[in-house]
Amino acid sequence: MPSALHIQNGIVNAPVSLAYLGIAAVGFAIALRRARDQLDERLVPMAGLVAAYVFAVQMLNFPVLPGVSGHLLGGALAALLVGPWVGVLAVSIVLVVQALLFADGGVTAIGLNLANMALLGTAVAYGVIVLLLRLLPPTRSGLAVTAFTAGLVSVVAAALGFVLQYVLGGATQMPLEWLAGAMGGTHLLIGIGEGVITAVTVVAVARVRPDLVYALRHRPRRPAEPAPQPTRVSV
Amino acid sequence: MRRPGFRWFLPAGLVLSLLLAGVVSSFASSSPDGLDAVSRQGCEYSDGRITGGDCIARDGKDHEVGGPFADYRIAGVDNPYLSTGLAGVIGVLLVFGAGSLMFRIARRDSAARSGSADAGPPRDLEGVG
């Protein structure tokens, strides 16, 4: 089974891979620090479930072009359901298990893969989510459009993250314009699939338990504030 | 609408994940994915091996550890549906287990540091709305 945006070992040289391992470690540590303040009795099991679901759906390659497939990366989905900090951790654990036990993504490339899919993908997705939830009406279709766009943009961002890594440490010289065009174009198509899966999943969760969708929560609860409304989505 | 309790939601989500990884995964596309496909461009292939040309995939090496579930198959299980399905089920349980453990430890640490974080009654949003 092919491994979507999972980089093999040997593709990017050791110094750049090592530098990205450092970046990934710092990003993970920051996310862990921030996540600790948010993890409560609901978010702990929900985060485990999101990680398991992302792992499962990552196995479901869908065709995008003749002879080319893609699959979910999950950063946008995680950011929507459990927030960006816990989301980074959830996608990270999927990538680490895949690299160590499923030969999916090189062990020496783990920093590269974490940086693209767990950090960059989730961060870009969360930016889109915050922006669009502010701009769009608080309806189910507003949430669906937000989720779709966040999924699409995050996949293209992760693909371009690889382009940068390859420019910095790729072993074989490849024309940058060709590489950026090929990666961006292919992952624009994969991003459509990511967007659809993300939107379908998040809207489904919002229909049964809107309180479990992090992105629909109001600002952090403070004792002085009046009771927050349970949701922005009209169910 | 009465919301299903979290006790219901969590197992339902897990069962869905197990079905996707255990059953649906065998019907997924086996074509190379986006990065793989781009990585192969420029090289000539014969029987899955690179025979010439310049491409990104040329520098790819075999996986460092392989692992018991390499390529989402279980070594020794020949039936492809069973092999992929079992690997998927094990993967979902492993990720759920490892993830839950990590998140629980992270939470316990933060509760211990901030002292009163755990003192309040559990927030039960059931019945809201």
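Throughout, read-outs are computed from the coordinates displayed, never taken from laboratory work. Given the structure is predicted, the values throughout are model-derived calculations rather than measurements. Cβ: placed from backbone, ideal geometry, glycine included. Neighbour counts: every protein chain shown.
If R0 is taken as 22 Å, the Cβ-Cβ distance between A:ARG207 and B:ARG108 corresponds to a FRET efficiency of 0.10.
The spread of Cα positions in segment B:13-116, taken along each principal axis and listed from longest to shortest, comes to 65, 33, 23 Å.
What is the list of residues in segment B:53-91 whose amide nitrogen lies under 20 Å from a point 7 angstrom out from the Cα of A:TRP178, following Cα to Cβ? Within reach of a label on A:TRP178, which here means backbone N under 20 Å from a point 7 Å along Cα→Cβ, segment B:53-91 contributes B:53-60. In this structure, B:LEU19 and A:VAL107 have a Cβ-Cβ separation that, at R0 = 30 Å, corresponds to a calculated FRET efficiency of about 0.50. When only alpha carbons are used to place a centre, segment B:1-69 and segment A:139-165 end up 19 Å from one another.
Positive end of the charge dipole of segment B:13-116 (Lys, Arg +1 and Asp, Glu -1 on Cβ, about the Cα centre): tell me which of B:ALA87, B:SER31, B:GLY60 has its Cα farthest that way. Farthest towards the positive pole: B:ALA87.
So how strong a dipole does segment B:13-116 carry about its Cα centre when Lys and Arg Cβ are +1 and Asp and Glu Cβ are -1, to the nearest 20 debye? Magnitude of the dipole: close to 700 debye.
Take the Kirkwood radius over Cα pairs of the protein assembly as shown, plug it into Stokes-Einstein at 20 °C and 1.002 mPa s, and you get 103 µm²/s for translational diffusion. Ordering A:97-104, B:8-15, A:68-75 by mean Cβ neighbour count within 10 Å, with the highest value first, yields A:68-75, A:97-104, B:8-15. Look at the stretch A:173-180: the mean tally of other chain Cβ atoms within 10 Å of its residues' Cβ atoms is 2. Working ranking of peptides A:133-139, B:54-60, A:82-88 by packing, defined as the average number of other Cβ atoms within 10 Å per residue, highest first, is A:82-88, B:54-60, A:133-139. The alpha carbon centroids of segment A:192-215 and segment A:7-34 are separated by 29 Å.
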